[in-house]
Amino acid sequence: MISTLQPPRSLSHFRSNPTLLLRYTSLKPLSSLSSQPVTHSTITDQSQSPNPPSHSQILFTRHSLLSRHLTATQLAESFLTRLRLNEPLLRSFLHVSDSVLAQARELDEKIQRNEELGPLAGVLVAIKDNICTAEMPSTAGSRVLEGYTPPYDATAVRKIKELGGIVVGKTNLDEFGMGSTTEASAYQVTANPWDISRVPGGSSGGSAAAVSARQCMVSLGSDTGGSVRQPASFCGVVGLKPTYGRVSRFGLMAYASSLDVIGCFGTSVADAGILLHAISGHDRLDATSSKREVPDFSAQFVSMNLLESKPLKGLRIGLIRETLDDGVDTGVTSAVRTAALHLEELGCCVTEVSLPSFSLGLPAYYILASSESSSNLSRYDGVRYGNQVAADELNSQYMDSRAKGFGSEVKRRILTGTYALSAGYYDAYYKRAQQVRTVIQKSFKTALDEHDILISPAAPSAAYKIGEKKNDPLAMYAGDIMTVNVNLAGLPALVLPCGFVDGGPAGLPVGLQMIGAAFDEGKLLKVAHIFEQTLQNCRFVPPLIADEVA
């Protein structure tokens, strides 16, 4: 049992702030999502329920609007003010919409007319810049797409808008999602709100930093090998990677099509779950999207006041042994073992489980992802897609357009993938990586047949210094060891902050990764929500904005 292990360090870097908790928990009339993913009737008034889930900015926003305590314009102005104040330090956004206040005023007029509101009415959502948005640039963080504005919205973005959400802007990323620090963006380097000398993670570092710094309420990212979960860990927010096929990929600029998923960031598990519910469901424009019914995720968000003394009694949790081996910082290991002890206190049966194939995932992932990227990015040649460089003949135009349009990391992965797919090497690399992928899928299935969920660190370390690994790509790749296997298996995973390690002005957050069976996001959300509600003496608000939200 995990409880026989020596308890690690305390998680008391931040004491809970009663004023902050009161702000979210003293609400009376609130709302809840039903099982229909994209209709305006998905939220019904819960004014009879005195115990809604706490800490949800989405539900707080809805209550504030319906009760007329705040207007959508006031909410939008407060977030935009914070965005403008902190953006010179963080550089989370590549583009900020100039229509946010106009949309908020339109919403206020609808409220005055007592018109029906969508479930995400007034919610400010940031979108990673490799997800297409009409009337807004979508560059994927690359010069090859500089100035490009798509003629359509990605399906996930369209659903958010249909449900009343307001897109506040496009967030920074590693070029085409290839990187783990957001330093590989062609435009700017994003800083971590917990310590602006450190990276926010990647590739969805802009989306994670924006949510952490409360520049928006929630955000969308993409996850090919951990690009939602690792930044969530580094920035102290919740990051949710759904099962492959749960969310349509239509409008997501392809990196590795068999691995890419659109994921969600929020400051609470409830917000991440509500956002996932909004964007989930089958899409005829994406042949890989699942036709499975989208369950009512909000049913998992029970108030702490209604929890039993052992709310997770009987739940079987496996702590992946290979994720606590050498190479993982002692502070991270300590925080994760403390989290395991907390789960035991909640009634879970926590045991260590071995996944012998776990270490094989990293090389297999980089072969498969690079191979798929070399195919997917061939379209950016300056003729079909991408900015064109003038040249005297076609081959020179292709070469110059790609040479000037792509950054060094993208070129490295294209070359790696092209080599792995080349005649004479296909069987040795690509085919063998696919075989390893099958082994990993089977090992996860075996482990999840015996356990309800699996847990591990989200990354082997907390956020490191900007520039520390920029010139050592292998060291950066090694940081993905905790997350890539989940993508290879196509499983859902959720990361939420569980503690701190020393570093920065107020400590650095550590994320706990929870992995579930395919299409079992509901169970992950339930366990994570209870964990979040019962975690004591931790306040995951970065020092950059701590005084503002106190």
Please go through (1) small (Gly, Ala, Ser); (2) in contact with a helix residue (DSSP H, G or I) (Cβ under 8 Å, 6 or more places away or on another chain); (3) at pLDDT 95 or above for Ala550 and return the number of the only condition it doesn't satisfy. (3)
Looking only at the range 255-269, which residues are part of a loop (DSSP other than H, G, I, E, B) and of a type in the set (Phe, Trp, Tyr)? Tyr255
Out of Ser92, Ser99, Ser32, Ser78, which single residue is touching a strand residue (DSSP E or B) at 6+ places or on another chain (Cβ under 7 Å), at pLDDT 95 or above and among the polar types (S, T, N, Q)? Ser92
Could you please find all residues in the range 355-383 being hydroxyl-bearing (Ser, Thr, Tyr), under 30 Å from Leu315 (Cα atoms) and open to solvent by less than 50 Å² (accessible area, probe 1.4 Å)? Ser357
The listed residue being over 18 Å from Lys469 (Cβ atoms) and free of Cβ contacts under 8 Å to residues at least 60 places away in the same chain, out of Thr171, Thr155, Thr139: Thr139
Pairs, please: C-beta under 7 Å, at least 6 apart or cross-chain, first residue among the charged types (D, E, K, R) and in the range 522-550, second open to solvent by 50 Å² or more (accessible area, probe 1.4 Å) and not in a helix (DSSP H, G or I)? Arg539/Arg15; Arg539/Ser16
Are any residues in the range 345-369 part of a helix (DSSP H, G or I), more than 18 Å from Pro460 (Cα to Cα) and out of contact with any Phe, Trp or Tyr (no Cβ under 9 Å at 6 or more places or on another chain), and if so, which ones? Glu345, Ala364
Could you tell me which residue of the range 198-226 is nearest to Leu94 (Cα to Cα), considering only residues that are touching a strand residue (DSSP E or B) at 6+ places or on another chain (Cβ under 6 Å) and of a type in the set (Gly, Ala, Ser)? Gly206
So Pro151 ticks every box in (1) open to solvent by less than 10 Å² (accessible area, probe 1.4 Å); (2) closer than 20 Å to Ala254 by Cβ; (3) not hydrophobic (A, V, I, L, M, F, W, C) but one. Which box is left unticked? (1)
Within the range 69-87, tally of residues that are small (Gly, Ala, Ser) and crowded, with 17+ Cβ neighbours inside 10 Å: 2
Are any residues in the range 228-245 assigned to a loop (DSSP other than H, G, I, E, B) and either open to solvent by 10 Å² or more (accessible area, probe 1.4 Å) or closer than 16 Å to Asp271 by Cα (or both), and if so, which ones? Val228, Gly236, Val237, Pro242, Tyr244
Considering the range 88-110 alone, what residues qualify as being in a helix (DSSP H, G or I) and open to solvent by 30 Å² or more (accessible area, probe 1.4 Å)? Pro88, Leu89, Leu101, Ala102, Gln103, Arg105, Glu106, Glu109, Lys110
The range 284-310: number of residues that are surrounded by 24 or more Cβ atoms within 10 Å (Cβ to Cβ) and in contact with a Phe, Trp or Tyr (Cβ under 6 Å, 6 or more places away or on another chain): 0
Output the helices (runs of 4 or more DSSP H) that fall wholly within the range 384-468 and possess 3 or more residues being in contact with a helix residue (DSSP H, G or I) (Cβ under 6 Å, 6 or more places away or on another chain), open to solvent by 20 Å² or more (accessible area, probe 1.4 Å) and in contact (Cβ under 8 Å) with a residue 24 or more places away in the chain, or say none. 408-421, 432-450
Scanning the range 314-335 residue by residue, the ones that are of a type in the set (D, E, K, R) and at pLDDT below 95 total 2
Among the candidates Ser219, Ser185, single out the residue that is within 12 Å of Asn130 (Cβ to Cβ), in contact (Cβ under 8 Å) with a residue 24 or more places away in the chain and polar (S, T, N, Q). Ser185
Based on what the data block shows, is Thr338 farther than 28 Å from Ala428 by Cα, modelled with pLDDT of 95 or more and surrounded by fewer than 18 Cβ atoms within 10 Å (Cβ to Cβ)? no
Reported set for the range 304-344 where residues are of a type in the set (S, T, N, Q) and in a loop (DSSP other than H, G, I, E, B) is Ser309
For the range 180-207, give me the residue count where each residue is farther than 19 Å from Phe540 by Cβ and open to solvent by 10 Å² or more (accessible area, probe 1.4 Å). 8
Per-region count, the range 272-315, residues in contact with a strand residue (DSSP E or B) (Cβ under 7 Å, 6 or more places away or on another chain) and under 18 Å from Ser222 (Cβ atoms): 5
Going by the conditions given, is Asp329 open to solvent by 10 Å² or more (accessible area, probe 1.4 Å), of a type in the set (D, E, K, R) and under 26 Å from Leu59 (Cβ atoms)? no
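This table checks each residue for (1) of a type in the set (Lys, Arg); (2) buried (at least 24 other Cβ atoms within 10 Å of the Cβ); (3) under 25 Å from Phe297 (Cα atoms).
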{"residue": "Tyr477", "(1), (2), (3)": "no, no, no"}
{"residue": "Thr483", "(1), (2), (3)": "no, yes, yes"}
{"residue": "Asn487", "(1), (2), (3)": "no, yes, yes"}
{"residue": "Pro492", "(1), (2), (3)": "no, yes, yes"}
{"residue": "Asp520", "(1), (2), (3)": "no, no, yes"}
{"residue": "Lys523", "(1), (2), (3)": "yes, no, yes"}
{"residue": "Phe531", "(1), (2), (3)": "no, no, yes"}
{"residue": "Pro543", "(1), (2), (3)": "no, no, no"}
Can you go through Lys469, Lys523 and tell me which one is of a type in the set (Lys, Arg), under 16 Å from Asn192 (Cα atoms) and out of contact with any Phe, Trp or Tyr (no Cβ under 6 Å at 6 or more places or on another chain)? Lys469
Residues that are outside any helix (DSSP H, G or I) and either touching a strand residue (DSSP E or B) at 6+ places or on another chain (Cβ under 6 Å) or β-branched (Val, Ile, Thr) (or both), drawn from the range 111-129: Pro119, Val123, Leu124, Val125, Ala126, Ile127, Lys128, Asp129
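The values are calculated or read from the model by the stated rules, or taken from the named source; none is laboratory data. Source: prediction; values computed, not measured. Positions of Cβ are backbone-derived with ideal geometry, glycine not excepted, and every protein chain shown enters the neighbour counts. Quick note on the areas: whole protein, heavy atoms, side chains included, nothing else; ligands and nucleic acids left out. Shrake-Rupley method; radii C 1.70, N 1.55, O 1.52, S 1.80 Å.
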